[in-house]
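Have a look at the structure below, then the notes.
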Amino acid sequence: MKQIECKEIADLLVDYSDGQLPEEQSQIVERHLKKCNNCRKYLGDLQQSLNIVQEIWRENLAEIESVEISVPVKNRRNINRKYAAIAAGLLIAAGIFSVSMQQTLQRPGDVMTAEQVERKISESASAVRLLATADLLREYDGVKDTLNKLYKHIVATYPDTSAAMEAKIRIKSLM
Amino acid sequence: MPDTNSHIDEDNLREAGLLEVFLQEQDRLKRIIAGMGMGAWDAEDILQDVSIKALKNNDRCKERGKALGWLIKVTVNRCITEHRRRKSFAAKALELLDRKRRGSKGVLGPDENAVCSEEKTLLHTTLLELDRKVLMTLVLRYFCDMNASEISEILNITPSAVRNRISRGREVLAKKLAKRGVRP
């Protein structure tokens, strides 16, 4: 008889420990607990296991506490793919640019120093990066003014680059 | 015993977009993610995904309370998907325990709640071996202080199913502790 009673009480102990049992059932459980060592131990295990689990959760929370998303951005994996494509594009562009510059350098009367070549490559890369950033922003609402300023900045700062040409086209498309 | 009805207040009826609520309630979402045993990288991925969904659906919920419910639901689903992707809870548990061991500074101090690492390790593994739906229910109940009715809305199950899952989860944890002879 005691076994059956313990089983019935055990089914109520989670609700009892959470304070979710109606008063009448609560009193039945309390009366049983006074005389049953096994059920008291089980109640202790229920409470102790929850305490430890909550501590584990708090530790996990402390580990991710510093993660903060302030501005929604596209999924990092997609962004990485996009930037990988941009980076690959940049390398190809830089390669083509270098080759064409070497050919230009070889032409008599049209001399460019290595520093100038490097600066041109650097400017082209900066312009492409800015253009790519602006293109990422295009997918969001309410950023038209920012985009306009960004494209105009590319045109004004890096006028001789292909990115500046692209930026001019983008400005027209925004109108 | 937490006041489980405390979420229902006037503030919940205030008009707010999903993005605004997301930015204000990241800590609450982090509790769900931490409760499911995710690390910092997973947390960042999940929060980013939720933020993008919030941005795309910004005007979907007019009231703040509903917006928060929506965000919790998306976070819960994302966490569950993440676990499904991992397929094995055991593998995840080992990964977490390894990380803990590597990051551990050694012996616990006398004031550190007197919870020994063996109990923690045992329950840590048990927690991560739990059915993910049972685990999520426990997280929402005992780490996010939500009541059965609130959880039932988030998980699309009845309050009585919520209570069943809670009982099942608590029993598994308590019995595991009892089996090893650990007593309070």
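The values are calculated or read from the model by the stated rules, or taken from the named source; none is laboratory data. No experiment lies behind these values; they were computed from the predicted model shown. Cβ sites come from the backbone with ideal geometry, for glycine too, and all protein chains shown count toward neighbours.
In the range A:152-167, how many are free of Cβ contacts under 8 Å to residues at least 24 places away in the same chain, crowded, with 16+ Cβ neighbours inside 10 Å and not in a helix (DSSP H, G or I)?
Result for the range A:152-167: 0.
Answer yes or no as to whether residue B:54 is modelled with pLDDT of 85 or more, buried (at least 21 other Cβ atoms within 10 Å of the Cβ) and more than 16 Å from the chain's Cα centre (by Cα). So that I can check it myself, show each step before the final result.
Numbers: modelled with pLDDT of 85 or more: yes; buried (at least 21 other Cβ atoms within 10 Å of the Cβ): yes; more than 16 Å from the chain's Cα centre (by Cα): yes.
So residue B:54 fits the description; yes.
Within the range B:155-184, can you find the residues that are part of a helix (DSSP H, G or I) and modelled with pLDDT under 90? Walk me through how you get there before you give the answer.
As a first pass, look at the range B:155-184 and keep what is part of a helix (DSSP H, G or I): B:155, B:159-179.
Of everything in the range B:155-184, those that are part of a helix (DSSP H, G or I) and modelled with pLDDT under 90 turn out to be B:175, B:176, B:177, B:178, B:179.
Please go through the range A:144-175 and pick out each residue that is touching a Leu at 6+ places or on another chain (Cβ under 7 Å) and over 15 Å from residue A:130 (Cα atoms).
Of everything in the range A:144-175, those that are touching a Leu at 6+ places or on another chain (Cβ under 7 Å) and over 15 Å from residue A:130 (Cα atoms) turn out to be A:144, A:174.
Kindly indicate which of B:44, B:25 is closer than 15 Å to residue A:68 by Cβ, more than 10 Å from every other protein chain (Cβ to nearest Cβ) and of a type in the set (Asp, Glu). Full working, then the answer.
Working: B:44 fails: more than 10 Å from every other protein chain (Cβ to nearest Cβ).
Of B:44, B:25, the one residue that is closer than 15 Å to residue A:68 by Cβ, more than 10 Å from every other protein chain (Cβ to nearest Cβ) and of a type in the set (Asp, Glu) is B:25.
Any residue in the range A:52-73 that is modelled with pLDDT of 55 or more, polar (S, T, N, Q) and surrounded by 16 or more Cβ atoms within 10 Å (Cβ to Cβ)?
Yes, the range A:52-73 has at least one match.
Which residues, taken from the range A:138-151, are in a helix (DSSP H, G or I) and surrounded by 14 or more Cβ atoms within 10 Å (Cβ to Cβ)? Lay out the reasoning, then the answer.
To start, the set of residues in the range A:138-151 that are in a helix (DSSP H, G or I) comprises A:144-151.
Result: A:147, A:148, A:150, A:151.
Cβ-Cβ under 8 Å, sequence separation 6+ or interchain: first residue in the range A:36-59 and more than 7 Å from every other protein chain (Cβ to nearest Cβ), partner hydroxyl-bearing (Ser, Thr, Tyr). Which pairs?
A:43/A:16; A:43/A:17
Within the range B:135-165, which residues are under 17 Å from residue A:52 (Cβ atoms) and touching a residue at least 12 places away in the same chain (Cβ under 8 Å)? Even if it seems obvious, please write down each step before you answer.
So the first thing to find is which residues in the range B:135-165 are under 17 Å from residue A:52 (Cβ atoms), and the list is B:135, B:138-139, B:141-143.
Scanning the range B:135-165 gives B:135, B:138, B:139, B:141, B:143.
Only residues that are at pLDDT below 80 and not charged (D, E, K, R): list them for the range A:129-146, please.
The first filter runs over the range A:129-146 and keeps only residues at pLDDT below 80, leaving A:129-130, A:132-146.
Hits for the range A:129-146 are A:130, A:132, A:133, A:134, A:136, A:137, A:140, A:142, A:143, A:146.
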